[in-house]
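Down below is the structure, laid out as structure tokens.
Only the coordinates and a few stated rules stand behind these numbers; no lab work does. Predicted model, so just to flag it, every value in this text is computed and none were measured. Here the Cβ positions follow ideal geometry from the backbone for every residue, glycine too, while neighbour counts run over all protein chains shown.
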Amino acid sequence: MRFITKRIGCSFIIGALLLSNTSCNDYLDINKSPLTATEIDPSLVFGYAVTAWDANKNSGDGWLPVGLMAQNLASGGNFGWGRENVYDISVYSLGNTWKTYYSTGGNNLMQAIKIAESADPVQNNAAAQSKIVLAQFIYEATALYGDVPFSEAWNPEEFPYPKYDNQKDVLYGIVRLLDEAIAQIEEDNVLKIKDYDIYYNGEMSQWKKLANSIKFKVFMLMVDAEPTVAEQIGQLLSADNMISSTADSWIHKYYERENNENPKFRLLKDFNSGVNNWFFANTNVLNYMHINDPRIPLYFDAGEAANGEFIAVGTNLDASEETATISAKLYRADAPSVILSYHELLLLQAEAYARGLGVTQDLTKADELYKEGVKQACIFYGASVSDATSFVSEDLESLVSTTNPLNEIHIQQWIDFMDRPQDAFIQWRRSGPEGQEVPILSLPSGAPAGPLIRRWTLSPDETAANPNIPNPQPRYSDKMWFDL
């Protein structure tokens with residue numbers, strides 16, 4: 001089997017390598033105590049936290065296993081990455097990802113908040129910036145693991161063994177944290193994280209838009225299990241103070257220089273000579289794309305023997321020389337890491353209007369947002385404005401006349417997340433009741449008999465360290481509170 005020998009312990013090695021090489025020298029000694037704040041600028045702690053986070057999320061610990069298990073990437077079976085990891089998530093991935101949310105990432109953000117709020121004068125903007133990113137951390141953690149520590153987390157003196165809050169309470173807690181951050185923002189105050197703000201360079205009006213956008217996304221996750229949050233969805237739509245252009249998108253930028261390269265580029269550079277013959281177009285994505293979708297040649301590279309045709313392969317089935325690989329463009333050194341995009345938000349807004357969530361149902365408005373969202377997604381990934389415009393006007397069905405407008409929106413949301421596995425996994429689970437999700441997925445070849453995967457389980461490190469873990473421990477097929 002090709003490449004399998006290289007993969008022993010690969011998740012741990014890749015995660016450690018990316019973390020050690022991505023950070024700047026200034027980050028190295030920023031917090032000698034792993035649990036308590038020291039005398040340090042909150043900007044440095046913030047910078048280390050977000051670097052560690054993206055290194056984990058877009059490497060062998062996060063992007064790779066979630067992409068394969070969620071079936072938006074294909075391993076190519078024995079022709080490519082291999083078969084072994086179907087629903088068998090490495091303990092290193094489970095543990096390193098948890099530690100990112102609660103130690104190298106989350107704990108450092110909490111220290112940044114404490115430092116900023118205890119400073120003289122108080123650095124409200126730095127605290128707000130850190131809280132907004134921390135809210136996203138916990139959103140990802142609960143969407144991946146389910147019930148997680150929140151109300152007692154990052155307070156080891158008082159709560160050395162933090163309890164696990166149920167997911168509903170965690171999601172409401174995220175909203176409260178974002179509201180705190182919004183209230184703290186002082187747009188005219190020069191005290192803020194600027195040089196280490198790799199997202200918005202200290203522009204606090206952008207941070208306020210981001211906080212509202214994350215709230216909107218959280219409420220859209222909650223609304224099926226908690227219909228009352230539709231009112232908050234409507235309020236956010238009416239207030240119109242969310243991400244409103246591609247320039248507003250929340251993006252971690254990378255560059256073509258040593259130690260600042262995209263983690264996926266470095267994964268392939270360090271472990272496969274910079275060549276992608278590990279990851280392939282999955283039929284669960286390509287087969288849902290319209291033949292004229294301009295993203296196809298931007299998402300995928302045609303197989304060497306395919307004569308320019310784009311041919312996908314099923315999850316965990318063997319690829320061939322004809323099978324399209326994931327495009328090298330997405331693995332380039334300066335490829336951005338997208339955290340929350342304008343086009344993603346447009347599609348969520350289209351969904352809200354199509355469903356009448358907090359607003360009067362309006363399929364005409366939904367159709368406008370839907371087509372603009374798809375258009376902006378195509379442009380973001382490199383399609384020309386004319387090609388993107390022609391595609392949405394000539395090839396996409398109108399939501400007003402189609403028989404199932406919500407299904408059309410969910411298909412485009414799924415396609416948009418092809419290279420963002422965590423978001424794809426969340427989107428698939430929230431797209432419909434069990435067995436009616438979009439797309440309909442089947443159990444991968446070689447996976448244990450039983451239901452599809454719906455979460456990660458806790459790592460052995462966490463189960464050994466915290467006596468307050470859930471009992472019984474959740475299984476990978478157990479649904480979460482939001483997942484109907």
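Miscellaneous remarks
- Overall form of segment 70-216 per C-alpha gyration tensor (a/c, 1.5; a/b vs b/c): prolate
- Helix-only mean residue ellipticity at 222 nm for the chain, each DSSP H run of n ≥ 4 adding -39500 (n - 2.57), per residue, nearest 500: -14000 deg cm²/dmol
- Footprinting exposure proxy ranking of PHE79, PHE417, fewest other C-beta atoms within 10 angstrom first, gives PHE79, PHE417.
- Paramagnetic label reach from ASP88 (point 7 Å along Cα→Cβ; backbone nitrogen cut-off under 12 Å): within segment 65-82, residues 82.
- Once the C-beta distance of GLN473 and VAL385 is scaled by a Förster radius of 56 Å, the resulting FRET efficiency is 0.65 to the nearest 0.05.
- Low-density loop cleavage sites - GluC sites (Glu not before Pro) in segment 237-346, where at most 15 other Cβ are within 10 Å (DSSP): GLU256, GLU258, GLU304, GLU309, GLU321, GLU322
- Long-range tail of P(r) for segment 346-484 (Cα pairs > 22 Å, %): 51
- Legend: ranking of residues HIS410, HIS290 from fewest to most surrounding C-beta atoms inside 10 Å; resulting order HIS290, HIS410.
- Of the GluC sites (Glu not before Pro) found in segment 99-172, the ones in coil according to DSSP and having at most 15 other Cβ atoms within 10 Å of their Cβ are GLU157, GLU158.
- Estimated FRET transfer efficiency when R0 is 51 angstrom, pair ASN287-LYS163 (beta carbons, to 0.05): 0.70
- Spacing of the modelled spin labels on GLU394 and VAL190, each 7 Å from Cα toward Cβ, amounts to 5.5 nm.
- For trypsin sites (Lys or Arg not before Pro), the sites in segment 221-298 that DSSP calls loop and that have at most 12 other Cβ atoms within 10 Å are LYS253, ARG257.
- Pairs spanning more than 19 Å between alpha-carbon atoms, out of LYS131/LYS215; LYS163/LYS215; LYS194/LYS264; LYS131/LYS194: LYS163/LYS215; LYS194/LYS264.
- Convex hull volume of the C-alpha atoms in segment 277-372, normalised per residue: 131 Å³.
- Contour minus Cα-Cα distance for SER151 and ASN272 (0.36 nm per residue): 39.3 nm
- Segment 224-269 shape via C-alpha gyration tensor axes, a/c threshold 1.5: oblate
- Globularity index of the chain is 0.94 (Cα radius of gyration / 2.2 N^0.38 Å, N = number of residues).
- Summed residue charge, Cβ within 13 Å of ALA333's Cβ, Lys/Arg positive, Asp/Glu negative: +2
- Amide H to amide H, with H built 1.01 Å from N, VAL148 comes under 5 Å of ASP165, counting only residues 5 or more places away or on other chains.
- Distance from segment 404-421 to segment 223-253 (C-alpha centre basis), Å: 17
- Two tests apply to each whole DSSP H helix in the chain, Cα reach of 15 Å or more along its axis and mean Kyte-Doolittle hydropathy of at least 1.6, and the ones passing both are 10-22.
- Summed residue charge, Cβ within 9 Å of ALA350's Cβ, Lys/Arg positive, Asp/Glu negative: -2
- Computed over segment 218-309, Cα set: Rg, Dmax in Å: 20.0, 54
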